[in-house]
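The values are calculated or read from the model by the stated rules, or taken from the named source; none is laboratory data. Quick caveat: nothing in here was measured; it's all calculated off a predicted structure. Cβ coordinates were reconstructed from backbone atoms using ideal geometry, including for glycine residues, and neighbour counts include every protein chain displayed. Ligands, DNA and RNA are excluded from the accessible area calculation, which covers all protein heavy atoms including side chains. Shrake-Rupley method; radii C 1.70, N 1.55, O 1.52, S 1.80 Å.
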Amino acid sequence: MNGYDFEYALRVSASACTCVQFLSGLLICASFVKKGKVSNESVVPFVTGFLSCSLWLYYGMILVNSTLVSVNAFGCLLFAIYTWIYYRYTSKKKRVMHYVVSAIAVIAWIVYITYSNVNQKQSKTVSSAEVAAVTPLDISDTSIISLTTNDAIDRVGLLCSLTTMLFFAAPFSNLIHVIRTKNTESMPLPLIVMTFLVSAQWLVYGRMLRDKFIMYPNAVGCMLSIIQLALFVIYPRRSTAPLTTELHNHHHPYPYIKLMDA
């Protein structure tokens with residue numbers, strides 16, 4: 001297998017695993033439909049997931065990276081559907097709308113600021129080049145576009161990294177409970193393993209592209225997953241009976257979803 005084949009296989013594998021991870025939210029929504037209401041679950045993970053996927057979608061569009069665009073477009077669609085289902089079955093509709101409007105406003109603001117800065121810098125660079133031109137060997141349009149695009153990549157990429165790291169760190173809200181009870185039963189082992197596999201693949205893919213904004217947050221995701229997996233060795237699972245509603249968090253793909261007030 002040559003380098004290109006390996007990169008292609010890695011892109012396909014990382015994309016497939018990420019989509020499977022996104023689909024895990026269906027389990028939560030199915031419980032909403034089954035109960036006919038939302039109990040004490042939070043909409044925050046759905047909204048932050050939509051925000052993160054939207055930013056990565058925009059980042060992929062700037063890079064013209066079809067892998068990032070397709071995966072995160074799928075993620076945006078799913079998290080939007082999850083949020084809509086949550087809205088339909090919750091009694092706190094105003095708060096959900098507040099979160100949704102805030103997320104959309106943040107996305108629109110980032111796109112507007114980035115687009116405005118790029119156009120402004122392009123116009124300034126072109127004006128400077130025209131004034132300083134003394135020979136036909138002026139700055140080319142390609143170099144100007146490249147300079148401004150790199151600036152946009154840095155801005156959006158940094159925001160993508162921050163939102164992704166916050167998303168990875170969210171399950172640690174359950175850490176205090178695990179340490180206090182010395183029991184990892186409330187932690188979702190399959191999801192943690194999946195998060196590690198997804199993060200590891202995107203880390204390698206980012207390394208191949210030499211893209212620090214893909215590498216760094218997924219390196220953090222790998223480390224956080226390893227820490228959580230280590231807890232299963234330090235505090236082995238043991239059944240407790242009867243289980244309270246709070247301890248049923250391990251049935252949820254996002255165990256911290258019940259620990260955040262919506």
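At-a-glance table
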item: Values of log10 I(q)/I(0), in the order q = 0.19 Å⁻¹, for the stretch 1-109 under a Debye, Cα-only, solvent-free model; result: -0.95
item: Integer Hz, Karplus 6.51/-1.76/1.60 couplings in order for the stretch 192-208, x for Gly and Pro; result: 5, 4, 5, 4, 5, 5, 5, 4, 5, 5, 5, 5, 5, 4, x, 5, 5
item: Around GLY157: net Lys/Arg minus Asp/Glu count, Cβ-Cβ under 11 Å; result: -1
item: Nitroxide proxy distance, nm - points 7 Å out along Cα→Cβ at SER66 and TYR115; result: 2.5
item: Solvent-accessible area, 1.4 Å probe, carbon plus sulfur percent, for the stretch 1-123; result: 69
item: Listed pairs LYS35/LYS92; LYS35/LYS182; LYS34/LYS94; LYS37/LYS182; LYS35/LYS94; LYS34/LYS92 exceeding 25 Å between Cα atoms; result: LYS35/LYS182; LYS37/LYS182
item: Packing-based order for 212-218, 57-63, using average beta carbon neighbours within 10 Å, highest first; result: 212-218, 57-63
item: Listed residues TRP84, TRP202 arranged by accessible area, highest first, probe 1.4 Å; result: TRP84, TRP202
item: Largest to smallest accessible area among GLU7, GLU185, GLU41 [probe 1.4 Å]; result: GLU7, GLU185, GLU41
